[in-house]
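Inspection log for the structure reproduced underneath, given as structure tokens.
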Amino acid sequence: MRSPTTAPAASAYQGYQIIRRNGAVVVFEPAKIAVALMKAFLAVHGTQGAASASVRETVDGLTEAVVRALLRSRPGGGTFHIEDVQDQSNSA
């Protein structure tokens, strides 16, 4: 299965949006989930892990699990609150 951080193209997520904390509605971008997960991992484990292939694989796997769960919850497209993404991240 392909990693959502590198593929498929953004058009695969057309029809999905995120409501940010400030109320802005933006395009759903799984790569942003990966960035947030990486930042969280680095905050806990330190920056030396950033270059680790195993860390990147872990983040990619977690991102994929979060994206799958979100898309499964709204198979026809829809809008997620940022809290929905965070809830899935905490469950992954």
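Within the range 15-34, can you find the residues that are without any contact (Cβ under 8 Å) to a residue 60 or more places away in the chain and charged (D, E, K, R)?
Within the range 15-34, GLU29, LYS32 meet the criteria.
Collect the residues in the range 41-74 that are closer than 18 Å to SER91 by Cβ, in contact (Cβ under 8 Å) with a residue 12 or more places away in the chain and aliphatic (A, V, I, L, M), keeping them in residue-number order. First the steps, then the outcome.
Our first condition is that a residue be closer than 18 Å to SER91 by Cβ; within the range 41-74, this holds for 41, 44, 58-74.
Among the residues that remain, those that are also in contact (Cβ under 8 Å) with a residue 12 or more places away in the chain are: 41, 58-60, 62-67, 69-71, 74.
Answer for the range 41-74, where residues must be closer than 18 Å to SER91 by Cβ, in contact (Cβ under 8 Å) with a residue 12 or more places away in the chain and aliphatic (A, V, I, L, M): VAL59, LEU62, ALA65, VAL66, VAL67, ALA69, LEU70, LEU71.
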If we ask which residues in the range 36-55 are of a type outside the set (Gly, Ala, Ser) and under 14 Å from ILE82 (Cα atoms), their number turns out to be 1
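FYI, it's all coordinate maths here, none of it is from the lab. Computed from a predicted structure; not experimentally measured. Cβ coordinates were reconstructed from backbone atoms using ideal geometry, including for glycine residues, and neighbour counts include every protein chain displayed.
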